[in-house]
Amino acid sequence: MADDSSDEEIKVRIGDIPLSYYEDLPIIGYGIDGKAVAKVVEGDALEKHIAKSDDPEWWRTLTDHLNAKKVKITDEMLEVIRKIRQRKSFGSDFDPYRDLEPEAKPQISGFGTDVMPPKRRFVPSKWERIKIGRLARAIEKGWLKPKLEKKEEVFDIWADEDQEEKPAPPKWNLPGNAESYNPPDEYLLNEEEAKEWEEKEPMNRESEYMPKKYPNLRRVPAYENIMKERFERCLDLFLAPRVTRPKINLDPDSLIPDLPDPETFRPFPEILQMKFVGHEHSITHMDFLANGEYIASGDSSGEVKIWESQTGKCLESLKFKKRIYWLAWNPIKPLLAICCGKNVYLKSFECSDKVSIDYAEAPENQLATWEWKDDEVKIKMRKGVRKVIWHGKGDYFATLCKRESTSKKVAAHSLSRFQTQKIFSKQSKGDVKSIAFHTKKPLFFVATEKNIMVYNLKQGVLVKKFKGLENPTHIAIHPSGDHILAACEDCKLLWYDYDLSSTPYKTFLYHKRELTYTHTHKRYPLVATCSLDSTIHIFHAQVYQDYMQNPSIIPLKIIKTDGEPIQCLFHPKQPWIAAVIGKEISLFI
């Protein structure tokens, strides 16, 4: 420590140690109380340049490292510095050549005067001695205790745990015969096994060490993986938590949510009633007539059959040249739309009321050509048609052509005017997977690989976009029109609320494989999904008119089928469901 008297005013006491020793440390030294003194944070060159531009008096600020603070130079300090540099006295009233002041006040008492201080100033005070004695006696008897400084309380968060309950770290497995320096012959590998062992990845090998045989222990070399294994062992011990988890005694039944009894939601389909057998090839699609009296089905060979839904009797059969992709009954008339190759056939059958479509000259159109033949209408498209759906009023229907250009994949057709037009001129990227009409409003739904777009048919614009899908296979619109259901290939059923959000309101993950179809009942609050895991799930889905009340969705029944159902449809009037399974149609009631 320096003996300079000015050290009493300095905060940082480092003596003769250079400041350069503290350049790489966050402190500048230690104070008189022994505590570390933090450095004054100075900005870098960029911050100094910015301060120089913003503050015109930046040059007045200096850093006092010994006192760990910033000092601003005042005008008085500048005047003193100027006089010192000019070798002048810095006091305004100071005269170095002045004489002694004759008018100075004389010293009243003390040395050098005739008046000496009284003796009582040099004798210890009697009353102070008595007071000090009382304090010393109080400290000796313990009556007076010094005040201790309150220190910050430090507690151990693990102190309450019982150290004996902590399990020990797992032990290493003891070496076996394969790790011996002289293993039995059956543990040794031949050349082919050794080569196969070396070609495998370390994680795929049956054992981490290849057995080798040595004549004696002195011939055994150093283990090449010793450092790696020791490091991995230490890493496991460091990262592995060793805390005893208290066992919680819970009733497993208490974890299952309280669901209502499915018996209260009857009727819903449960058991197999009959099978419609007659197709020689796999059925691709089926559809119920609007009154539920007949079922139309088509297979991969181009055969279309009309069945009576209550008896399972085949009433009519029709043969086409190419594969049948989709069938759809008109919701108003007993008119069946059939997708076969590039054509869409509109045909009525004798078993139902015959519908005659009067011949009319259709206007020329680049998308489709209308042709009449024997009370049958054929609409020829440019590319193969994969899907056809009817509007609720029965006058319009839409088709989906897979290999058509993006803007012409979906086309709308008018049965009364015999016209065809494309629904949208531009569409976002993504292959069209499914289409659907709104049940009440002039809206059209188009499902792509990632989104569901909603188009206004009157205005011809995109009005809404739903997100969160992953390759939907089919979409269905709830009869209320306020909810959309999407069956996806990632085993999920997504439930969208049209007015609530563009993301799924509910996500159901009950199937183990990809979903193939979903359908809602028109009269009963029922929803069904089918999947390639050979099951059909039946849900109770009650939708309320009150927007403040959420829909009630409860799983009711899992119907196991003999094969993989590719489609499931509810009966229009009865709580029945029909499923396409291979070459048959199964009806559950």
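Does K88 satisfy being open to solvent by 100 Å² or more (accessible area, probe 1.4 Å), closer than 18 Å to I10 by Cα and without any contact (Cβ under 8 Å) to a residue 60 or more places away in the chain?
In short, no.
Here are the criteria: (1) of a type outside the set (S, T, Y); (2) over 18 Å from N471 (Cβ atoms); (3) within 30 Å of the chain's Cα centre (by Cα). Tell me which single one F508 does not satisfy.
Going through the list (1) of a type outside the set (S, T, Y); (2) over 18 Å from N471 (Cβ atoms); (3) within 30 Å of the chain's Cα centre (by Cα), F508 breaks only (2).
Which of the numbered conditions does D156 fail, given that it passes all the others? Conditions: (1) at pLDDT below 65; (2) under 30 Å from F238 (Cβ atoms); (3) open to solvent by less than 100 Å² (accessible area, probe 1.4 Å).
Evaluating D156 over (1) at pLDDT below 65; (2) under 30 Å from F238 (Cβ atoms); (3) open to solvent by less than 100 Å² (accessible area, probe 1.4 Å) leaves (1) as the failure.
Condition first: buried (at least 17 other Cβ atoms within 10 Å of the Cβ) and of a type in the set (S, T, Y). Now tell me which residues in region 503-523 satisfy that.
Matches in region 503-523: T516, Y517, T518, T520.
May I ask you to list the residues in region 185-202 that are under 21 Å from P175 (Cβ atoms) and open to solvent by 100 Å² or more (accessible area, probe 1.4 Å)?
Of everything in region 185-202, those that are under 21 Å from P175 (Cβ atoms) and open to solvent by 100 Å² or more (accessible area, probe 1.4 Å) turn out to be D185, E186.
Taking region 447-465 as the search range and keeping residues that are open to solvent by less than 70 Å² (accessible area, probe 1.4 Å) and of a type in the set (S, T, N, Q), which one is farthest from Y498 (Cα to Cα)?
T448
Of (1) at pLDDT 80 or above; (2) open to solvent by 70 Å² or more (accessible area, probe 1.4 Å); (3) touching a Ser or Thr at 6+ places or on another chain (Cβ under 9 Å), E42 satisfies all except one. Which?
(1)
Can you pull out the strands (runs of 3 or more DSSP E) entirely within region 473-526 that have at least 3 residues that are not basic (K, R)?
Here the list reads 483-488, 493-497, 515-520.
Identify the single condition in (1) exposed (fewer than 10 other Cβ atoms within 10 Å of the Cβ); (2) modelled with pLDDT of 75 or more; (3) assigned to a loop (DSSP other than H, G, I, E, B) that E140 does not satisfy, given that it satisfies every other one.
(3)
Matching residues to (1) in a strand (DSSP E or B); (2) assigned by TED's automatic domain parsing to the domain that holds N471; (3) buried (at least 20 other Cβ atoms within 10 Å of the Cβ); (4) of a type in the set (A, V, I, L, M):
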| site | (1), (2), (3), (4) |
| --- | --- |
| I357 | no, yes, no, yes |
| K387 | yes, yes, yes, no |
| K393 | no, yes, no, no |
| T399 | yes, yes, yes, no |
| E404 | no, yes, yes, no |
| R417 | no, yes, no, no |
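What residue, of I423, I379, is crowded, with 21+ Cβ neighbours inside 10 Å and of a type in the set (V, I, T)?
Of the residues listed, the single one that is crowded, with 21+ Cβ neighbours inside 10 Å and of a type in the set (V, I, T) is I379.
Condition first: of a type in the set (D, E, K, R) and in contact with a helix residue (DSSP H, G or I) (Cβ under 7 Å, 6 or more places away or on another chain). Now tell me which residues in region 416-468 satisfy that.
K422, K426
Residue check: is G468 open to solvent by less than 50 Å² (accessible area, probe 1.4 Å) and in a loop (DSSP other than H, G, I, E, B)?
no
Can you tell me how many residues within region 314-340 are open to solvent by 10 Å² or more (accessible area, probe 1.4 Å) and not in a strand (DSSP E or B)?
Residues meeting the conditions: 8.
Would you please list the contacts, defined by Cβ atoms under 6 Å and residues six or more apart or on different chains, that run from a residue in region 48-67 that is assigned to a helix (DSSP H, G or I) and surrounded by 12 or more Cβ atoms within 10 Å (Cβ to Cβ) to a residue that is modelled with pLDDT of 80 or more and among the aliphatic types (A, V, I, L, M)?
R60/I73
State all residues of region 68-81 that are touching a residue at least 24 places away in the same chain (Cβ under 8 Å) and open to solvent by less than 60 Å² (accessible area, probe 1.4 Å); if no residue qualifies, say none.
Matches in region 68-81: A68 only.
The values are calculated or read from the model by the stated rules, or taken from the named source; none is laboratory data. Keep in mind it's a predicted model, so treat the numbers as computed, not measured. Ideal geometry is used to build each Cβ from the backbone, glycine not excepted, and the neighbour counts take in all protein chains shown. Remember, those area values only see protein heavy atoms, side chains included, never the ligands or the DNA or RNA. Shrake-Rupley method; radii C 1.70, N 1.55, O 1.52, S 1.80 Å.
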